[in-house]
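First the structure, in the form of structure tokens, and then the observations on it.
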Amino acid sequence: MNGLQIAEEIKRTRTDQQHFIRWWRRENDFVDYQLIERFLETASEDDEFEGFELLDVESMWETLENKVDGRVQRDKRKAGEMIVWQRPGKEDQTCPFSPESIMTIFDVETRGNVIEP
């Protein structure tokens, strides 16, 4: 299936809780994760995919936790739920618990290279 076909499928089936897409290519050489909105902005007929899965915030949070080996924590504060991110060689960083923050941390930690079996 191509990117435009996936975009149409997302528009038909997506729920309000789903903010992320996990997709993989025919070659199965890697898996990638993106915010659904970013995927939709760049979806192209030229992009070929083997499959995809839509994820909610809790599923993506669990994926992030597994990738960073315990260096992210959720913290409830007066201002709302926050993420405390322990970055090696840098000061801890605190950011809102949001799809955008989760994706930013995930991208920095994986350097955009996610390889899964």
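Only one entry in E37, E45, E53, E27 is part of a helix (DSSP H, G or I) and over 18 Å from R111 (Cα atoms), namely E37.
Remark: pairs (first residue in region 31-55, under 15 Å from M103 (Cβ atoms); second residue surrounded by 12 or more Cβ atoms within 10 Å (Cβ to Cβ) and among the small types (G, A, S); Cβ separation under 6 Å; 6+ apart in sequence or on different chains) = L40/A7.
Just for region 63-74: of the residues that are touching a strand residue (DSSP E or B) at 6+ places or on another chain (Cβ under 8 Å) and open to solvent by 50 Å² or more (accessible area, probe 1.4 Å), which one is farthest from E109 (Cα to Cα)? Among those that are touching a strand residue (DSSP E or B) at 6+ places or on another chain (Cβ under 8 Å) and open to solvent by 50 Å² or more (accessible area, probe 1.4 Å), it is R74. Criterion applied to E53, E48, E41, E91 was being charged (D, E, K, R), modelled with pLDDT of 95 or more and either over 17 Å from H19 (Cα atoms) or open to solvent by 90 Å² or more (accessible area, probe 1.4 Å) (or both), and the one residue passing it is E41.
Among the residues of region 59-72, is there at least one that is at positive phi, basic (K, R) and free of Cβ contacts under 8 Å to residues at least 40 places away in the same chain? No: zero hits.
Just give me the residues in region 56-75 being of a type in the set (K, R) and at pLDDT 95 or above, in sequence order. Within region 56-75, R74 is the sole residue that qualifies.
The values are calculated or read from the model by the stated rules, or taken from the named source; none is laboratory data. Owing to the predicted nature of the structure, the values given are computational and were not obtained by experimental measurement. Counting neighbours? That spans all protein chains shown, and the Cβs are built from the backbone with ideal geometry, glycine included. For the accessible areas, the whole protein counts, side chains as well, though only heavy atoms, and no ligand, DNA or RNA atoms are used. Shrake-Rupley method; radii C 1.70, N 1.55, O 1.52, S 1.80 Å.
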